Each structure stands twice: as structure tokens, then as C-alpha cells.
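This report refers to the structure that appears directly beneath it.
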Amino acid sequence: MADFKELVFSGVQPTGNLHLGNYLGAIRRFVQLQESRDCIYCVVDLHAITATLHQPDLRAQTREVTAAFLAAGIDPKRHIVFNQSQVPQHAELAWIFNCVARIGWLNRMTQFKEKAGKDRENASVGLYDYPCLMASDILVYRATHVPVGEDQKQHLELTRDIAQKFNNDFAAEIAERGFGDAFFPLTEPLIGGPAARVMSLRDGTKKMSKSDASDNSRINLTDDAEAIAQKIRKAKTDAEPLPSEEAGLAKRPEAENLVGIYAGLADTARADVLAEFGNAQFSRFKSALVDLAVAKLGPIGQEMSRLMADPGHIDAVLGDGAERAGAIAERTMAEVKDVVGLIRR
Ligand code: TYM
């Protein structure tokens, strides 16, 4: 396999209600990775319109995700932060990938099945095709690593399948044009840590999600200290004290979730949390969790509101990022056209 420069890419949809799962599963890890790698972080507004096209708050939501990136500590000068629709090559490469991916591959996507529900005939074609656009987001930069929550694993496998098939189908053209034995890298997912799958505070068997009808099911990044405390105090638990070993969390989804959230926020392992709180009643553990969550999330929420008050600044960050991302994407797309045999200007 040809050598690819290490590059991190990830995206977050501006669909409102950015929550603790998005933070622990993704954004917090974006911040950590920027210390050691070059990173591109994207607000994927074209993905956001796949489930519901008409969203009166789309602009505000796009700015809110950007504000969350910045408030969490992503440096938009050293790295790239932008919104997807400003770089048209994402959609352009997605078309090529529509012709690479097979219908059978997309038919296996569990997220489409979940999101489309029973009324599949009425889902948008965009929702079905979501993973091809996602592959294009990543591969238009030839990104080698993608930090995401666990729910995105299958989409990243599809991204690798698309890269592999493109590399195979055009092997002769790729070699002939000096790209060696691979045009696209086989991107590696970075999924892990104690909070790769944060669950609902109301039901430990359901993922914490932006679209859950109950606001008490999630901690939003814009929640104030009071709301964070209330939601944690109300969070579902069981009747037993916490176990002192990880094995004791089996079949206790709510306990496991709260311990995972604590570990994620404290940046430790579940085992360390249990070493400290083993045999504690939930009331004691929850108070410690409230303190920790307020200390970690409070400043982010406050900084988000400060940034949101100046949309001009956010738009300038996005514009600058789009220009730098666009320069890379344009080059890749020109090369793709040459490899595929499309005559270009
Ligand atoms: P989105 O906006 O739905 O989610 C953003 C990120 O948050 C993670 N996440 C979670 N992690 C842990 N626990 C949860 N309950 C939880 N809920 C969400 C998601 O895994 C994701 O990392 N399809 C992507 C957006 C996307 C993308 C990309 C990502 C579009 N193109 C290219 C990476 C690379 C998504 O689900 O966004």
C-alpha cells in the first residue's frame, strides 16, 4: 500500500441538540488529536438535510456546532474547521462514489434502517446515500484516521470498501499516473475510550441522541449548571450500590453508562472510577458526577454562548477553513477525474 500522510478528518451534523455523547464520543477526542496530528473538522450541513430537508434553524445550528468545536478547544488556525457545503468537491466526489458503491452494500447499513424506520419508501434518497457522501468527506482529503463514536463504525467500513474498490477498478490508471498501488488510503476508524457509546439517561439500552423526544434523556452542551445537575439527579439507576469491579456492571446498563460518562469526563478508565466509587450508593456517585460534569461542561457552554453572539466571527472561521480545505479537495478531485477519464478544464 502506498504511503499516505497522516491526516485526521471527522464531521458532526448540525441537527441541533448537540449532546454529551457527541462531546465524549467525538469532539473531546478531536481536541486531543490536534496535539499530535493535522486535523480537518467539518460541520456536515449536507448530511443534516438528509433526514429533514427544510430546517429553519440550519444556519444557527451550523454556527452552534462550529462554536462547540472552538469552545471545546479546537484551534482553527493550526487545523481546518469549515462547513461541508462550502467545498463543492464533497458532493462531486460523492457522485463518483455512487457509481463505486453497490446497492447491496448500502442495503446493509443499519443506521439507514433505524432512521428510515417502517416508512422506508418515504425516506429521502439522500438518507439512503448518506454513507457515500460520508466516504467522500473523508477521502477527498485522503484522511488516514477518523475519530467517531461507535455508531459510525459500519459507515467507516463502507468507506474502506469504496476506497478499495476504486483502487482496484482503476489500478492500471492509478499506477500509470504515478500514484503507486493505491489512490485512496484505507482509513482507520478511531473508536474507543470509556464513552464511545453514551446511552440515554432515561434508558441505558438506548443511545443518547439528538432526536430523542425527552430532553431529560441527554445533557445538551448548551445546558446550564442547574439543568445538568437536574438531569443527572433524575437519571435512571437501579437499586444496588456500584460494584467495585467492571464485571459487576454487566446487565446493569444504567450503572455502566453513568460510570462510562464519569470516566470519559475525568479522562480515566472505568476501572479507576469503580476503584473510587465501588460500594457507593448512587446518591453519592451522582453528586460527584454532577460536580465533574458542571466543571467540565459549564465553561464549554458559556464559551459557546459567547461565540454564538458573534456570528460574523464564526462565519469568518468557516470561510477561512473552507478556502484551505477547498484547495486540497480541488486537487484530489482533479486527480480523480484524470484517473476516471473525465475531461476537465
Ligand atoms: P452525528 O452528528 O450524528 O454525530 C457526531 C459524532 O458524535 C458521535 N456520537 C456519539 N458518540 C458516543 N455516544 C453517543 N450517544 C453518540 N451519538 C453520536 C458520532 O459517532 C459522531 O462521531 N455520520 C456522522 C457525521 C459525518 C462524519 C463524516 C463523521 C459525516 N461525514 C466523515 C466522520 C467522518 C454522524 O453521525 O454525525
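The values are calculated or read from the model by the stated rules, or taken from the named source; none is laboratory data. This structure is a prediction, so every number in the text was calculated from the model and none was measured. Every residue, glycine among them, receives a Cβ derived from its backbone with ideal geometry; neighbour counts consider all protein chains shown. Keep in mind that these areas ignore ligands, DNA and RNA; they rest on the heavy atoms of the full protein, side chains included. Shrake-Rupley method; radii C 1.70, N 1.55, O 1.52, S 1.80 Å.
Tabulated results
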{"read-out": "Given (1) surrounded by 14 or more Cβ atoms within 10 Å (Cβ to Cβ); (2) more than 22 Å from Val43 (Cβ to Cβ), index of the condition Leu342 fails", "value": "(1)"}
{"read-out": "Residue in the stretch 121-129 that is within 15 Å of the ligand (Cβ to nearest atom), within 20 Å of Glu6 (Cα to Cα) and of a type in the set (D, E, K, R) present", "value": "no"}
{"read-out": "Evaluation of Val8 against (1) more than 21 Å from Met308 (Cβ to Cβ); (2) open to solvent by less than 30 Å² (accessible area, probe 1.4 Å); (3) out of contact with any Pro (no Cβ under 8 Å at 6 or more places or on another chain) (one fails), failing number", "value": "(3)"}
{"read-out": "Considering residues of the stretch 179-231 that are in a loop (DSSP other than H, G, I, E, B), open to solvent by 50 Å² or more (accessible area, probe 1.4 Å) and among the basic types (Lys, Arg) only, the residue nearest to the ligand (Cβ to nearest atom)", "value": "Arg197"}
{"read-out": "Residue in the stretch 150-168 that is in contact with a His (Cβ under 8 Å, 6 or more places away or on another chain) and in the same structural domain as His47 (by TED's automatic domain parsing) present", "value": "no"}
{"read-out": "Per-region count, the stretch 291-310, residues closer than 14 Å to Leu70 by Cα and open to solvent by 50 Å² or more (accessible area, probe 1.4 Å)", "value": "8"}
{"read-out": "Qualifying position, being more than 16 Å from the ligand (Cβ to nearest atom) and within 20 Å of Ala182 (Cβ to Cβ), among Ala135, Ala171, Ala163, Ala143", "value": "Ala171"}
{"read-out": "Enumerated helices (runs of 4 or more DSSP H) restricted to the stretch 247-343, each holding at least 2 residues that are under 16 Å from Thr237 (Cβ atoms), at pLDDT 95 or above and over 22 Å from the mean Cα position of the chain (by Cα)", "value": "253-266, 270-277, 282-308"}
{"read-out": "Residue list for the stretch 282-336, filter: farther than 24 Å from Arg218 by Cβ and of a type in the set (Ser, Thr, Tyr)", "value": "Thr332"}
{"read-out": "Selection count, the stretch 116-133, where residues are under 14 Å from Leu46 (Cβ atoms) and not in a helix (DSSP H, G or I)", "value": "1"}
{"read-out": "Long-range neighbours under 6 Å by Cβ, at least six apart or interchain, first residue assigned by TED's automatic domain parsing to the domain that holds Val125 and under 17 Å from Ser124 (Cα atoms) within the stretch 94-109, second of a type in the set (Gly, Ala, Ser) and at pLDDT 95 or above", "value": "Ala94/Ser136"}
{"read-out": "Helices (runs of 4 or more DSSP H) contained in the stretch 1-115 and holding at least 1 residues polar (S, T, N, Q)", "value": "28-33, 58-72, 89-100, 103-107"}
{"read-out": "Single condition Arg142 does not satisfy, out of (1) over 16 Å from Tyr41 (Cα atoms); (2) open to solvent by 30 Å² or more (accessible area, probe 1.4 Å)", "value": "(1)"}
{"read-out": "Condition broken by Glu150, with the remaining ones in (1) acidic (Asp, Glu); (2) over 27 Å from Lys337 (Cβ atoms); (3) in contact with a Gly (Cβ under 6 Å, 6 or more places away or on another chain) satisfied", "value": "(3)"}
{"read-out": "Flag if Ile80 is β-branched (Val, Ile, Thr), crowded, with 17+ Cβ neighbours inside 10 Å and within 15 Å of the ligand (Cβ to nearest atom)", "value": "yes"}
{"read-out": "In the stretch 94-107, the residues that are under 20 Å from the mean Cα position of the chain (by Cα) and crowded, with 21+ Cβ neighbours inside 10 Å", "value": "Ala94"}
{"read-out": "Unique residue being of a type in the set (Asp, Glu) and crowded, with 19+ Cβ neighbours inside 10 Å when the list is Glu254, Glu240", "value": "Glu254"}
{"read-out": "Residue satisfying condition, being more than 8 Å from the ligand (Cβ to nearest atom) and over 19 Å from Val148 (Cα atoms), within set Leu53, Leu46, Leu7, Leu33", "value": "Leu53"}
